[in-house]
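Single-structure report; data block below.
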Amino acid sequence: MGTTATYINGGERIELKAFPDRNNTRQVALDLNILYEDDTLAVIEKPAGIAVSGNRFLTVAHALRHNLQESKASDSVFAQPVHRLDYPTTGVLLVGKTSSTIIKLNQLFETKQIQKVYYAVTIGAMEPWGRVVAPIDGKASVSDFEVEQTIVSKRFNHLNLVKLRPKTGRRHQLRVHMASIGNPILGDSDYGKAGLMLKGRGLYLHAYSLEFVHPRTQANVKVTSDLPKKFLKLFPLV
């Protein structure tokens with residue numbers, strides 16, 4: 001890391017880490033389920049139908065101050081998500097509460113040292129397990145899948161409860177990859193099959209767990225989020 005006296009010779013990469021202005025951060029009184037919290041980070045359960053962040057008023061980011069304790073660390077900042085989940089996706093979301101922790105968590109994501117597991121309900125007959133390797137937006141993308149249960153459905157032919165492990169982190173990766181092998185995720189209005197929706201039930205994609213080494217304590221942390229009730233109505237024996 002350079003200082004104010006460091007000369008630039010060319011070829012260096014300069015990164016600016018910006019954090020929210022305490023005077024301008026909005027606050028939303030939305031109750032969130034807190035799965036894990038300490039003085040430097042937290043894991044919350046993202047509800048469906050709410051954006052993680054963005055220009056709109058109702059976001060998970062704007063609700064964090066209402067739900068989390070402020071860090072007592074010297075580099076405390078307003079808590080902020082360090083990754084994204086799609087608007088209709090539910091499940092575990094990692095949040096940083098200090099500037100140094102946010103930087104380190106971003107580095108863990110960049111170096112693929114945070115293990116993510118999702119569950120989805122997919123449509124159609126599937127192989128019991130496999131790997132999807134297909135570029136997204138011109139970038140290499142890899143997802144592993146494992147079918148845990150399958151039920152026969154008059155309307156959908158087959159419905160599968162599938163465990164998903166994304167090895168890369170592209171936008172809509174799991175939704176795109178499942179659709180690419182002919183097994184779109186149930187409720188996916190962007191990549192699914194026309195007419196194969198459950199009205200009012202939303203997308204059947206859930207971020208189930210995160211596992212990583214805590215940047216400050218170096219302890220292994222694994223946090224899980226129970227499957228939503230709509231999953232259990234289809235697969236009650238989970």
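Quick notes
- Spatial offset of the stretch 96-114 relative to the stretch 167-191 amounts to 26 Å, using the alpha carbon center of each.
- Per-selection Kirkwood Rh - the chain (Cα, Å, 1 d.p.): 19.4
- Calculated from backbone phi, Karplus (6.51, -1.76, 1.60) coupling profile of the stretch 129-143 in Hz, x at Gly/Pro: 7, x, 10, 9, 10, 8, x, 10, 6, x, 10, 4, 9, 9, 9
- Top of Q69, Q115, Q218 by mean-square fluctuation, Gaussian network on the chain, Cα under 10 Å: Q218
- Computed from backbone phi, the HN-Hα couplings of the stretch 224-229 come to 10, 10, 4, 4, x, 4 Hz, rounded to whole numbers (Karplus: 6.51 cos²θ - 1.76 cosθ + 1.60, θ = phi - 60°; Gly and Pro given as x).
- Surrounding net charge for T89, when Lys and Arg each add one and Asp and Glu each subtract one, Cβ distance under 10 Å: +2
- Taking GluC sites (Glu not before Pro) as exposed when their DSSP state is a loop state and no more than 14 other Cβ atoms lie within 10 Å, the longest site-free interval of the chain runs over 71-238.
- Net charge of the neighbourhood of I114, taken over other residues with C-beta under 13 Å away and scored Lys/Arg +1, Asp/Glu -1, is +4.
- Given 10 as the ceiling on other Cβ atoms within 10 Å, longest exposed-site-free region of the chain for trypsin sites (Lys or Arg not before Pro) in DSSP loops: 73-153
- Largest GNM mean-square fluctuation across G169, G138, G202, computed for the chain with C-alpha springs under 10 Å, falls on G138.
- Counting only protein heavy atoms and a 1.4 Å probe, the stretch 183-238 has 55 square angstrom of accessible area per residue.
- Among the chymotrypsin sites (Phe, Trp or Tyr not before Pro) found in the stretch 49-122, those both in a DSSP coil and sparsely packed, with 15 or fewer other Cβ atoms within 10 Å of their Cβ, are F57.
- Accessible surface of the chain, 1.4 Å probe, proportion on carbon and sulfur as whole %: 50
The values are calculated or read from the model by the stated rules, or taken from the named source; none is laboratory data. Here the structure is a predicted model, which is why all the values come from computation and not from measurement. Methodologically, a virtual Cβ is constructed for each residue, glycine included, from the backbone with ideal geometry; neighbour enumeration extends over all protein chains shown. The area values use the complete protein model at the heavy-atom level, side chains included, leaving out ligands, DNA and RNA. Shrake-Rupley method; radii C 1.70, N 1.55, O 1.52, S 1.80 Å.
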